[in-house]
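Peer 1: Have a look at this one.
The values are calculated or read from the model by the stated rules, or taken from the named source; none is laboratory data. Being a predicted model, the structure only gives us computed values, none of them experimental. Methodologically, a virtual Cβ is constructed for each residue, glycine included, from the backbone with ideal geometry; neighbour enumeration extends over all protein chains shown.
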Amino acid sequence: MIYENILVDVKSHVGIITFNRPQALNALNNQLVDEMNLALQQFETDDAIHVIMLTGSEKAFAAGADIREMKDKTSAQAQAESFLSNWDYINSITKPLVAAVSGFALGGGCEFALACDVIIAGENAKFALPETGLGIIPGGGGTQRLARAVGKVRAMDMILTGRMIDAAEALSLGLVSRVAPTATLMQEALAVANKIAALSLPVARAAKRAVKATQEMPLSEGLKLERELIYTCFDLEDQKEGMNAFLEKRKPVFKGR
Ligand code: HXC
């Protein structure tokens, strides 16, 4: 498959999707999102890939959904064509998703970062949900995921004022998990991705599923799911390997089963 708006690469067990529309600061047009979904699907179904990374350029992770593409849309058209339905696919990915964010992550760019499991920002990263200033609201999951990530009043502040926050503030709010120097962002993000990729994949998937459930379920249901998932781990060869390796004072070698 030849992609026009993304680059795809594999480093060891990490599949990397790089937004690549430099002329528009990686503005997310429909074709880009479709291409990303295809690449996501290929990585999701490729047993050699354990972790998927989303990234952009140094200047922009992505400056939002493509404003040119949506400016003339009517509400009826948006409904008829199920506008944005292709933005939901990322939520079905069961492998860990790591976002490495440099530069602008605005609107839909910020929303795709928020759809990832781990977000690592370069020191130059800038986050905002400025959609209200354009006469719309965040529609790529931002109202829900930002509020869950940073709390209601901080999400309201960002969404109603559209203000841009830097990496340090994003870290203090809990919007990102780590900040790295801009020059070494990819190196550090890859180190994190490789660490996750070295886990037993079914274990990483179970952990992701359990933590994601906190966003969707009441505590009692989430606790039940967690219990079911830890039980499944005890049937894995990798659980035996992990615990034996600890007791034998060696590194575990996981087989993904
Ligand atoms: C289309 C965009 C774009 C966008 C930038 N460009 N963002 N095109 N959609 N979201 C284009 C510009 O038009 C310009 O093209 C080129 O990229 C470079 O941008 P400049 O503005 O010249 O660069 P700069 O002065 O460095 O400013 C960078 C910026 C600014 C601060 C990031 O571009 C900006 O504010 N962009 C829009 C951010 C935004 O509002 N995002 C939310 C979008 S709505 P030309 O051809 O003029 O050189 C959204 C909805 C999500 O995301 C919910 C539904 C999915």
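Peer 1: Could you tell me which residue of region 163-201 is surrounded by the fewest Cβ atoms within 10 Å (Cβ to Cβ), considering only residues that are closer than 23 Å to V253 by Cα and in contact with a Phe, Trp or Tyr (Cβ under 9 Å, 6 or more places away or on another chain)?
Peer 2: Among those that are closer than 23 Å to V253 by Cα and in contact with a Phe, Trp or Tyr (Cβ under 9 Å, 6 or more places away or on another chain), it is A198.
Peer 1: Under 6 Å between Cβ atoms, at least 6 apart or on separate chains: pull out the pairs that start in region 27-45 with a residue that is touching a residue at least 24 places away in the same chain (Cβ under 8 Å) and end on any residue that is of a type in the set (A, V, I, L, M) and assigned to a helix (DSSP H, G or I).
Peer 2: Here the result reads none, with nothing in region 27-45 linked to a residue that is of a type in the set (A, V, I, L, M) and assigned to a helix (DSSP H, G or I).
Peer 1: Continuing with the same structure: When you scan region 14-89 for helices (runs of 4 or more DSSP H) that lie fully inside it, which ones turn up with 2 or more residues that are modelled with pLDDT of 95 or more, within 13 Å of the ligand (Cβ to nearest atom) and among the charged types (D, E, K, R)?
Peer 2: Numbers: elements: 30-45, 67-70, 75-80.
The helices (runs of 4 or more DSSP H) meeting that bar are 67-70.
Peer 1: Regarding region 105-122, can at least one residue be identified that is more than 20 Å from M70 (Cα to Cα), part of a strand (DSSP E or B) and within 13 Å of the ligand (Cβ to nearest atom)? Full working, then the answer.
Peer 2: Of region 105-122, the ones more than 20 Å from M70 (Cα to Cα) are 113-122.
Now restrict to residues that are part of a strand (DSSP E or B): 118-122.
Cutting the leftovers down to within 13 Å of the ligand (Cβ to nearest atom) gives us none.
There is no residue in region 105-122 that is more than 20 Å from M70 (Cα to Cα), part of a strand (DSSP E or B) and within 13 Å of the ligand (Cβ to nearest atom).
Peer 1: Sticking with this one: Quick one: how many residues across region 130-146 are more than 8 Å from the ligand (Cβ to nearest atom), more than 18 Å from D88 (Cα to Cα) and either hydrophobic (A, V, I, L, M, F, W, C) or in a helix (DSSP H, G or I) (or both)?
Peer 2: Result for region 130-146: 1.
Peer 1: If you don't mind, there's one more thing I want to ask. In region 211-231, which residues are polar (S, T, N, Q) and more than 23 Å from V118 (Cβ to Cβ)? Lay out the reasoning, then the answer.
Peer 2: Filtering region 211-231 down to residues polar (S, T, N, Q) leaves 214-215, 220.
Across region 211-231, the qualifying residue is only S220.
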